[in-house]
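Encoded as structure tokens, here's the structure I'll be asking about.
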Amino acid sequence: MTASTLDAAAPGAGRPADTTKVKRAAIASFLGSMLEYYDFYIYASAAALVFGKVFFAKSDPAMGTLLALATFGVAYIARPIGAVLLGHFGDRVGRKRVMLLTLVLMGLSTFLIGCLPTYASVGVAAPILLVLLRVLQGISAAGEQSGANALTLEHAPFGRRAFFTSWTLTGTQAGFILATIVFLAVASLSEQTLLSWGWRVPFWFSLLVVVLAYVVRRRLDEPEVFQEEQQTHQVAKFPVVELFRTHSADVLRVLLCAFIAVCTTTFSVFGLAFATSSEVGLGKTTMLLVAVSANVLALIMQPSLALLADRVGRKPVFISGVFGCAVMIFVYFKAIMSGNVPLIFVAALVLIGVCYSAPNAIWPSFYAEMFTTKVRFSGIAIGTQIGFAASGFAPTIAWTLVGESRTNWLPVAVLVAVCCVVSALSAATARETYRVPLTELGKA
């Protein structure tokens, strides 16, 4: 099969597309993304609830939490570096090889975090080692979703690209749910047990997901459109240079669209630390269950919203969801401050389960369709990872914005809303691509 037949399911093509390879790619992307975000979210939960006491024991509680949240953001500094390196090899030697590398790197670094000595054991060496392993997590994350999105999109039939690529991001919700369920179990342990060894168990558990995902990924094929470029020697020698020569505006557009991720890190990391602080006083188990419920709904909503985007376009679904997040973030924090648990659940379900699910389901296809095959991996990776850097430090910035009162949530909600507006306005400038054939993407 050649690139000219990849869109066999396009109007007038006359025959149904073979979806065997794209289904395999979607499953592999789902599992890899689940691992990545399982690893990231157990780190987020540990940073919000444990690491301040384990790795920054000499600081007062508020400062310890701030420093622990800062280590969460460190990975986002490493992500742009990883995006350039992994994007180069993903566009040069193939999507599959990079996806195997990122899987092993993420799993190994996560397992080793669970083996680290504490500050009480080795002093300042403990947080230094923590930061180094967090950097490795960031580098691997930079290539994981980008490779999965590029590979799945390039296997997907015409008219179903958003649906199949959405499974990459649905994997993030599954990872969040799995991480939270595991952390719920250890959070129920006594304080002494949790701080001594209980927090380590979720990090060790990640090895099981690595093995499963690795077995599935070994069976993947490179997309025909990429293979054809290799065979005809059209692969860019320096994909990053080619990217900025031909698609600099699209990289900037993706970067700004990616500001929507500030919403989810504020919800999942800062929101957990804020709500369970002594000043606000909500229970850890309650807030973890809130997060799980919202993401269970997202598991259903994201594929459904992706199907809608395949029928009406990427931009209407993406932009509507982003503006919904800008409004609902205020409702969510207001509900937290009210102490009304049913209201907190409802607000979280609407914010994450419905509104955030729209851009989260659409961006894998929306961003990937802005680029040609020869720079697609690099374009997605560099654009998203630079944009995601803002979301990585959003919890730290938010914790600073609340001030000494520890209850002043309004500046945090304003910050999230501003990022949402920037994301929506950037998306509005993009070309609508849901009816563009694969081989024509990125050429206009």
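The values are calculated or read from the model by the stated rules, or taken from the named source; none is laboratory data. No experiment lies behind these values; they were computed from the predicted model shown. All Cβ positions, even for glycine, are placed from backbone atoms using ideal geometry, and neighbour counts span all protein chains on display. These area figures cover heavy atoms from the full protein model, side chains too; ligands, DNA and RNA do not enter into them. Shrake-Rupley method; radii C 1.70, N 1.55, O 1.52, S 1.80 Å.
Two decimals is fine: what's Rg over Rh for segment 296-414, C-alpha atoms, Kirkwood radius as Rh?
Expressed as Rg/Rh, it is 1.04.
Another question, if that's okay. For segment 165-311, what is the convex hull volume of the alpha-carbon atoms per residue, in Å³?
191 Å³
Identify all lysines with a Cα-Cα distance to K96 below 20 Å; exclude those on the same chain that are fewer than 8 residues away in sequence.
K21, K23, K237, K374
Right, next: Which value, in debye to the nearest 20, gives the size of the charge dipole of segment 66-190 about its Cα centre, when Lys and Arg are +1 and Asp and Glu are -1 at the Cβ?
It works out to roughly 260 debye.
Helix 357-368: angle to the longest alpha-carbon principal axis of the chain, degrees 0 to 90, nearest 10?
Roughly 40 degrees, rounded to the nearest 10.
Let me ask something else. For the chain, give the percent of accessible area contributed by carbon and sulfur heavy atoms, probe 1.4 Å, rounded to a whole number.
68 percent
Additional query: Farthest toward the dipole's positive end in the chain, which of F56, T110, L207, given Cβ charges of +1 (Lys, Arg) and -1 (Asp, Glu) about the Cα centre?
Final value for the positive-end residue is L207.
Using the Cβ atoms and a cut-off under 15 Å, what net charge is assigned to the surroundings of L178, where Lys and Arg are +1 and Asp and Glu are -1?
-2
Related question: Show log10 I(q)/I(0) for segment 274-357 at q = 0.14, 0.19 Å⁻¹, two decimals, from a solvent-free Debye sum over equal Cα scatterers.
For the requested q values the scattering log ratios are -0.50, -0.80.
Can you check what the net charge comes to around L86, using other residues whose Cβ is under 11 Å from the Cβ of L86 (Lys, Arg +1; Asp, Glu -1)?
Taking every Cβ under 11 Å from that of L86, the sum is +2.
Tabulate in residue order the Karplus-calculated ³J(HN,Hα) for segment 84-95, using 6.51 cos²θ - 1.76 cosθ + 1.60 with θ = phi - 60°, rounded to whole Hz; enter x for Gly and Pro.
5, 5, 6, x, 4, 6, x, 8, 8, 10, x, 6
Accessible area per residue of the chain at 1.4 Å probe, in Å²?
With the other protein chains kept in place, the chain gives 36 Å² per residue.
Please compute the length gained on full extension between L212 and V296, using 0.36 nm multiplied by the number of residues separating them and subtracting their Cα-Cα distance.
Computed gain between L212 and V296 is 28.1 nm.
Students often forget the sequence filter, so: which lysines lie under 20 Å Cα-Cα from K53 once same-chain residues fewer than 8 apart are removed?
Counting by Cα, and skipping residues close in sequence, K53 has these lysines nearby: K284.
By the gyration tensor of its Cα atoms, with a ≥ b ≥ c the square roots of the eigenvalues, what is the shape of segment 53-181: rounded for a/c under 1.5, prolate for a/b over b/c, or oblate?
Taking the square roots of the gyration eigenvalues as a ≥ b ≥ c, segment 53-181 is prolate.
Could you order peptides 431-441, 173-183 by the average number of other Cβ atoms within 10 Å of their residues, highest first?
173-183, 431-441
Continuing with this model, one more query. Provide the gained length on full extension for the span L307 to T286, in nm with one decimal, where the gain is 0.36 nm per separating residue minus the Cα-Cα distance.
Going from the current span to full extension adds 4.3 nm.
Let me ask something additional. State the Cα centre-to-centre distance between segment 236-293 and segment 86-128 in whole Å.
Value for the Cα centre distance between the two parts: 20 Å.
Can you list the lysines whose alpha carbon is less than 23 Å from that of K315, not counting same-chain residues fewer than 8 positions off?
K443
Pull out the extension gain between A120 and R406, defined as 0.36 nm times the separation in residues minus the alpha carbon to alpha carbon distance; nm, one decimal.
100.2 nm
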